[in-house]
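In what follows, a structure is listed as structure tokens, so that the remarks can point back to it.
The values are calculated or read from the model by the stated rules, or taken from the named source; none is laboratory data. All of these numbers come straight from a predicted model, not from anything done at the bench. Methodologically, a virtual Cβ is constructed for each residue, glycine included, from the backbone with ideal geometry; neighbour enumeration extends over all protein chains shown. Keep in mind that these areas ignore ligands, DNA and RNA; they rest on the heavy atoms of the full protein, side chains included. Shrake-Rupley method; radii C 1.70, N 1.55, O 1.52, S 1.80 Å.
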Amino acid sequence: MKTRWIFKLFNAAAIALILVSVFVLLSVVLTPAGQVPQVLGYSVFRVMTGSMEPEIREDSLLVVQKTPPEDIVPGDVISFFSPDPMLEGAVNTHRVVRIEKENGRTQFITKGDANVIEDTYPTDASALVGRVVFKSYGLGKAVSLLSNPLVFGIIILLPLLVILLMNLYRAVR
């Protein structure tokens, strides 16, 4: 009786994992070039540098909510497509120092908390991804760990293989 319950639990976990994986894969694959994958107006990023330390540590996981530019205020931490040629349009996350209007266009002047000077290039409102609404160092470390193919295989694929073999055994028996 107990093994039947364990089989059901493993099957439910495997199905949930597969459905979540397919959903994430589809949202990434179907996102047009030059945009970030979003689900219900939220995007997820992992911090790759220490420019926002100590508030946001390197390897932290960020949840960014799509936000209209007019709702951004100085002090907000935002993610945006960087206008810096060295970053080649990569998504960057920094704090808004001030907001300027130039020729009717809104521009955000940003700075990493750990940086001494403001970012060289102002960010146009059209490059805004959104405002950071959640951060977690622990979840970021977990995602970093799972992105290692060896760890992914051991933690995700191996249990799925065990579930498959258990189901095959039950079907044959």
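Considering only residues that are over 18 Å from the mean Cα position of the chain (by Cα) and assigned to a loop (DSSP other than H, G, I, E, B), look in the range 1-58 and name the one that is modelled with the highest pLDDT. Among them, the one singled out is Pro54. Based on this model, can you work out whether Thr106 counts as in contact with a helix residue (DSSP H, G or I) (Cβ under 7 Å, 6 or more places away or on another chain), hydroxyl-bearing (Ser, Thr, Tyr), over 20 Å from Gly41 (Cα atoms) and open to solvent by less than 40 Å² (accessible area, probe 1.4 Å)? The answer is yes for Thr106. State whether one or more residues within the range 40-57 are surrounded by 17 or more Cβ atoms within 10 Å (Cβ to Cβ), within 30 Å of Leu145 (Cα to Cα) and charged (D, E, K, R). There is no residue in the range 40-57 that is surrounded by 17 or more Cβ atoms within 10 Å (Cβ to Cβ), within 30 Å of Leu145 (Cα to Cα) and charged (D, E, K, R). Every residue in the range 110-141 that is under 16 Å from Gly50 (Cβ atoms) and either surrounded by fewer than 17 Cβ atoms within 10 Å (Cβ to Cβ) or more than 22 Å from the chain's Cα centre (by Cα) (or both), please. Listed by number, the residues that qualify are Asp113, Ala114, Asn115, Val116, Ile117, Asp119, Tyr137, Lys141. Could you count how many residues in the range 58-70 are in contact (Cβ under 8 Å) with a residue 40 or more places away in the chain and open to solvent by 80 Å² or more (accessible area, probe 1.4 Å)? Number satisfying all stated conditions: 1. Evaluated against (1) more than 16 Å from Ser126 (Cα to Cα); (2) touching a residue at least 24 places away in the same chain (Cβ under 8 Å), Val73 falls short on exactly one condition, (1).
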